[in-house]
Amino acid sequence: MRNPREFSFIKDENPQGPVSAYDRGPYDAEPLAEEDLWFLPPDDHPPGEAAYEVPLPRADQRPLVDVAAWAAAEAALAGRLADLALLLGRLAARLEAGPAGWRQRLALREAADLSWLAGDRVPMERLALWLTLRVGGEGDDAQALARAGWAARRLTQAPAPKDDLAGFLGRFAPEADDGLADQIADWTDVMGQGASLHPITQAALSYHIWPVVGFAAGHPSLPMIEAAVVAARHAAVNIAGLGFLPLSIGGAGGLRGHGTAAERLAAWVSGADQAARATLRQLDGLAAWQAKAEAETQGWSGKTPRALAALLAEWPLVSAPMAEAETGASRAAVQRNLNRLTEAGLIREVTGQRRYRMWAATSQTR
């Protein structure tokens, strides 16, 4: 009796070698050469050719961002980018020539405007109160103030985000959770692909890929604020003395861009140009207010009035203890001159309280 394995038509299981034509059953098809298998694509077919694709769902193999499209958009906007870079140079020179406190004031303005754009709606005066005296609210209000305060600090104090993005954001994921590491790796990869782009274009790219790489945490407004602050710092990395690119002062048109890479970059350049010009006008207003205050107090006795005027030009809010520490004057002299400046219409008291009061320069400096 024959061994059942002798009837197998599987080559690997047949110990006696290949199956001959005489051993093939009536229902076995004739073997076909590979070139006759019509359903297999030729070796030289273009990848992704629809005629040879298996009709099944497949993963999207496109890159996260088309960096080449951003490079083409940059080339088309070369003139406008050069004009914006020149304008930012003027802004940096103005800041270098002014008091150091101007940068702090502009950072507070930018952070406050970003909070309004993100839906938190934190006024600059309230943000300054929270940063200096931790005077604020509770619950959602305190969280909104914390987000705006984070933005103000990161715009002026922290190292550049490209050096340590996780540290810049203040996010440190548990060792078991590598989601943050993957997001940072994706962001770093895309920014590396755009390393040859202008820093302003890189900043726009960074802002628009923020949701693409998956950055999201906490309150819905947080990712938007983070993306804008990272981009603002990144754009000014090669402009000494600037610190950050204004984006939300004067309208925030660049942060509302959508559509193609060309449309997004065009909106970004227009918005940054508008914000930089608005910032220059604010600095002009600050300088004009300080000149007016110095002229108004020219006949006043002592150095305290002029020292207070200089302090109020640098800070959006000043308390009596802060003024005492910064000017070296006595508490009585500080309080007396704050009252005189208020009566002259140069400053105003903003808290409406009898204790822990704060003063700000009049509205033309905003």
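The values are calculated or read from the model by the stated rules, or taken from the named source; none is laboratory data. Predicted, not measured: the structure shown is a model, and the values here were computed from it. Cβ coordinates were reconstructed from backbone atoms using ideal geometry, including for glycine residues, and neighbour counts include every protein chain displayed. Surface accessibility is based on the protein's heavy atoms, side chains included, excluding ligands, DNA and RNA. Shrake-Rupley method; radii C 1.70, N 1.55, O 1.52, S 1.80 Å.
From the alpha carbon centroid of segment 304-366 to that of segment 198-241 is 36 Å. Taking N as the residue count of segment 82-223, its C-alpha radius of gyration divided by 2.2 N^0.38 Å amounts to 1.16. Eigenvalues of the alpha-carbon gyration tensor of segment 178-267, scaled by 5 and square-rooted, set the equivalent ellipsoid semi-axes at 20, 16, 14 angstrom, largest first.
Taking the protein heavy atoms of segment 217-343 in the context of the full set of protein chains, the accessible area attributed to carbon and sulfur is 52 percent at 1.4 Å. Most tightly packed first, judged by the mean number of other beta-carbon atoms within 10 Å of their residues, the peptides 228-240, 121-133, 254-266 read 228-240, 121-133, 254-266. Among 292-303, 96-107, sorting by the average number of other beta carbon atoms lying within 10 angstrom of each residue, highest first, gives 96-107, 292-303. For the modelled label position 7 Å from the Cα of Ala291 along Cα-to-Cβ, which residues of segment 99-115 have backbone nitrogen atoms closer than 19 Å? Backbone N within reach: 99-100, 102. Per residue, segment 223-366 exposes an accessible area of 43 Å² to a 1.4 Å probe, with every protein chain left in place. Give, as a single signed number, the net charge of other residues whose beta carbon lies under 12 Å from the beta carbon of Phe215, with Lys and Arg counted +1 and Asp and Glu -1. Computed value for this residue: -2.
In this rough spin-label picture, where each label sits 7 Å from Cα along the Cβ direction, the Arg331-Lys162 distance is 5.0 nm.
What segment 119-211 shows is 47 Å² of accessible area per residue, with the surface traced by a 1.4 Å probe over protein heavy atoms.
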